[in-house]
Structures are given as C-alpha cells and as structure tokens.
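Below: the structure, in structure tokens.
The values are calculated or read from the model by the stated rules, or taken from the named source; none is laboratory data. Source: prediction; values computed, not measured. Cβ placement follows ideal geometry from the backbone for every residue including glycine, while neighbour counts extend to all protein chains displayed. Protein only, heavy atoms only, side chains kept; ligands, DNA and RNA dropped before computing areas. Shrake-Rupley method; radii C 1.70, N 1.55, O 1.52, S 1.80 Å.
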Amino acid sequence: MPLTIRSVTPADYEQWLPLWEGYNAFYQRVGPSAVPRKVTELTWQRFFDGYEPMHALVAEADGKLVGLVHYLFHRNTTMIGPVCYLQDLFTAPETRGKSVGKALIEGVYERAKEAGSPRVYWHTHETNATAMRLYDHVATHSGFVVYRNDL
C-alpha cells in the first residue's frame, strides 16, 4: 500500500474527524464521556496556530486518510532540547497490520529530530497489547508508571 505521511491541512478535516472519533471510541470516550465538540474544534484549530506546540500528521493512501498522530513539544528539567510527547495515534481498522502506525511514529521521530528534540515518548493503556507489540519494536519501555488526578 503506497503511503504518504504528511502534516495535516485544513482541507483534511472531513477525513480527520472520523479517525479522531474512532480513536476516542477506542478509549470509550463516547456518550456521556465523549470529548466535547468544543474541545475537538479547539484541538483542530491548534494544529494550525503557530503559537501552539501541538502538531498533527496524517497517513494517506490512495487519496484517503488512514491514520493520524498528534504530538507536542514541551520543556524538560533534565534536557536542553524540547521533549516530544506523542499524544494520540490511530489507524483505520482496515489498515491495521500494514505498518501505518509505524510510519506515523517514524514521522514524529523525523519532526522531533528537526526540532532538536532528544526524546519522543508516549503512554498507552496496559490493555492495548496490539499497540504494545508495535511499540516494543520502535521504542524502549521506560518502566515508568503513570499516575494522575483529575481536578
């Protein structure tokens, strides 16, 4: 499958949105726990705001978007360069197992290197065994456990 990894454009919204909704559904963010429309709209706008550290890449095959990845840069107390956090990664179900996720991660790696970032990191749910098989091939498990407190 010929695949292009590229930055998202404003014209991609209609194809990006179903992928974004699929990603959120995967993590059970539907119904009462759905991401509010206002947050989705603001997230989309941030990708095109030069003052925002948030970015998006898409995977395109035969003129159709088949995957997305969102990432952002932030400061770190133990490094000089900005650290890159890969926040969201999703591929269309019909393209799973065809290296779309790997290509998107590698696209983030390239952008991070260009930005002078010494590290890309991300989290996944402990039950996401399929994704972790890929992650074990493209990164190192750090051993850290994530804690959070919703305020």
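Descriptive notes on the structure:
- Springs between Cα atoms under 10 Å define the GNM used for the chain, and in it the highest mean-square fluctuation of Glu126, Glu21, Glu60 occurs at Glu126.
- Rolling a 1.4 Å probe over the protein heavy atoms of the chain, with every protein chain left in place, gives an accessible area that is 54 percent carbon and sulfur.
- Antiparallel bridge percentage (DSSP; both residues within segment 1-130; nearest 5): 90 percent
- FRET efficiency, Tyr147 to Ala115 (Cβ-Cβ, R0 25 Å, nearest 0.05): 0.35
- Of the peptides 136-147, 47-58, the order by per-residue mean of other Cβ atoms within 10 Å, starting with the highest, comes out as 47-58, 136-147.
- Solvent-accessible heavy-atom area per residue, rounded to whole Å², over segment 66-108 at 1.4 Å: 45 Å²
- The residues of segment 16-61 have, on average, 58 Å² of accessible surface per residue, using a 1.4 Å probe with all protein chains present.
- Annotation: amide H of Arg119 within the under-5 Å range of Cys84, sequence separation 5 or more or interchain, hydrogens built in the peptide plane.
- Debye, to nearest 20: dipole size of segment 1-111, +1 on Lys, Arg Cβ, -1 on Asp, Glu Cβ: 260 debye
- Taking segment 3-151 and dividing mean pair separation by its residue count, relative contact order in percent (alpha carbons under 8 Å, at least six apart): 20 percent
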